[in-house]
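**Student:** What follows is a single structure, and I will ask about it in a moment.
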Amino acid sequence: MTQQKAKILIAEDNITNREVTLAVLENLGMLADAVANGEEAIQALKLRQYDLVLMDCQMPGLDGFAATRLIRDQNSQVQNHNIPVIAMTAHTDASGQAECLACGMNDYLSKPILPEQLEEKLKKWLPPLLRATKGYERSPLPSDESNVEQKVVPIWDKEGMHTRLMGDKHVEFIVSQGFLQDMPQQIHKLESCYRSGDLSGLRQQAHAIKGAAAVVGGKRLWNVAHQIEELSAAHITDLEPAVERVAHEFACLKEEMTKGVNSLKEC
């Protein structure tokens, strides 16, 4: 008897995180669709039957918390109000976990998503006939280097990205290319938020940049984005040097990654 494949819905606004999660699920033998925000997630759940939702918490418009509350609302038109919803979040401390569970989410995954951790959650929440069976070796988590002197932090942790993307050179090429194409727009949004004094938007954009940088191993870019996210959350407004450094660190990262992307084209 052929094992039925699970159908997963990914709700994630960050293109780099989306591509990585899709690739991991494909390698685990899952079927997956991806949407960019909470509104699109609700619409997809109205139209199609899924077995599980991977829900980013911080999305523009309808965020993951609000989308999950709608899923659980018996008056909404989603097909399955009890579908397992797993949060994808950078905030997995006690308060972050409590917020996820309070809105009706079943569980949470720490970003950047690692294959073996995602597999563990799928095994936990999917019915036995839909569970993944492929095993992954544990990948190293990216460390918080915000307090390390900038000069000792590498621009690009290529080996870390290689490990997180399961050594799949095709996936590495797709993710790297998408990151390099998308990041200038993300930086432009960050700069616009700063110029307009939108601290909430600035924090959200810094969070998005930090998440994408973590996936590809852009350690210096991760550091400065993390700094902006923390300081803007504390309502500190004198952030011009840090905001300017984002573009500089991306330029350095782009130079190194472009060489790597070109070498992957032949694979």
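Just so you know, all these numbers are worked out from the coordinates, no wet-lab data involved. If you're wondering where the values come from, they're calculated on a predicted model, not measured in any experiment. Here the Cβ positions follow ideal geometry from the backbone for every residue, glycine too, while neighbour counts run over all protein chains shown.
**Student:** Return the subset of Lys210/Lys259; Lys46/Lys111; Lys5/Lys259; Lys7/Lys169; Lys121/Lys210; Lys169/Lys210 for which the Cα-Cα distance in this structure is over 31 Å, preserving the input order. Mind dumping the intermediate values first?
**Tutor:** Details: Lys210/Lys259 22 Å; Lys46/Lys111 27 Å; Lys5/Lys259 37 Å; Lys7/Lys169 25 Å; Lys121/Lys210 24 Å; Lys169/Lys210 23 Å.
Over 31 Å apart, Cα to Cα: Lys5/Lys259.
**Student:** How much length would be gained if the chain were fully extended between Lys124 and Ala102, taking 0.36 nm per residue of separation minus their Cα-Cα distance, in nm to one decimal?
**Tutor:** Numbers: separation 22, 0.36 × 22 = 7.92 nm, distance 1.96 nm.
Net length gain for the segment: 6.0 nm.
**Student:** Right, next: Treat every Asp and Glu Cβ in region 7-130 as -1 and every Lys and Arg Cβ as +1, leave all other atoms uncharged, and give the resulting dipole magnitude about the Cα centre to the nearest 20 debye. Walk me through the numbers before you get to the answer.
**Tutor:** Details: 10 positive and 17 negative charges, 75 e Å.
About 360 debye.
**Student:** Right, something else. Using the basic label-point model (7 angstrom from Cα toward the beta carbon), what is the Lys5 to His162 distance in nanometres?
**Tutor:** In this crude spin-label approximation the distance works out to 2.9 nm.
**Student:** Quick one: which residues, 5+ away or cross-chain, put their amide H under 5 Å from the amide H of Leu109? H built at 1.01 Å from N.
**Tutor:** Amide H neighbours of Leu109, under 5 Å, 5+ apart: Ala87, Met88, Thr89.
**Student:** So for Trp156, Trp125, fewest C-beta neighbours within 10 Å to most, what's the order? Could you put the intermediate results ahead of the total?
**Tutor:** On the way: Trp156 22, Trp125 18.
If I rank by nearby Cβ atoms, fewest first, I get Trp125, Trp156.
**Student:** Across region 54-59, in residue order, what do the Karplus-derived ³J(HN,Hα) couplings come to in whole Hz, using 6.51 cos²θ - 1.76 cosθ + 1.60 with θ = phi - 60° and x for Gly and Pro?
**Tutor:** Karplus-based 3J(HN,Hα) across region 54-59 equals 9, 10, 5, 7, 9, 10 Hz.
**Student:** Order of Ser176, Ser76 from fewest to most other C-beta atoms within 10 Å?
**Tutor:** Ser76, Ser176
**Student:** Still on this structure: Using a Förster distance of 35 Å, how high is the FRET efficiency between Ser95 and Asn262, based on the Cβ-Cβ distance and rounded to 0.05?
**Tutor:** Working: r = 44 Å, r/R0 = 1.24.
The pair Ser95/Asn262 has a calculated efficiency of 0.20.
**Student:** I would also like to ask the following. If we sort 217-224, 160-167 on the protection proxy, mean other Cβ atoms within 10 Å, highest first, what's the order? If you can, show how the numbers build up before the last one.
**Tutor:** Numbers: 217-224: 25.6, 160-167: 19.6.
My ranking of the peptides, most packed first, is 217-224, 160-167.
**Student:** Using the Karplus curve 6.51 cos²θ - 1.76 cosθ + 1.60 with θ = phi - 60°, work out ³J(HN,Hα) for each residue of region 222-232 in order, rounded to whole Hz, and write x for Gly and Pro.
**Tutor:** Couplings: 4, 4, 6, 5, 4, 4, 5, 4, 5, 6, 5 Hz.
**Student:** Oh, and also: Nearest 0.05, what FRET efficiency do Glu116 and Ser200 give at R0 = 45 Å with Cβ-Cβ as r? Please list the in-between numbers first.
**Tutor:** On the way: r = 34 Å, r/R0 = 0.76.
Efficiency for this residue pair is about 0.85.
**Student:** Return Asp63, Asp107, Asp238 ranked ascending by Cβ neighbour count within 10 Å, so the fewest neighbours appear first.
**Tutor:** Asp238, Asp107, Asp63
**Student:** State, to one decimal in nm, how far the label point of Gln43 lies from the label point of Glu230, with both points 7 Å from Cα in the Cβ direction.
**Tutor:** Reported label-point gap for Gln43 and Glu230 is 3.9 nm.
**Student:** Work out Dmax and Rg for the chain from the C-alpha atoms and quote the Rg first, both in angstrom.
**Tutor:** For the chain, the Cα radius of gyration and maximum Cα-Cα distance read 18.5, 63 Å.
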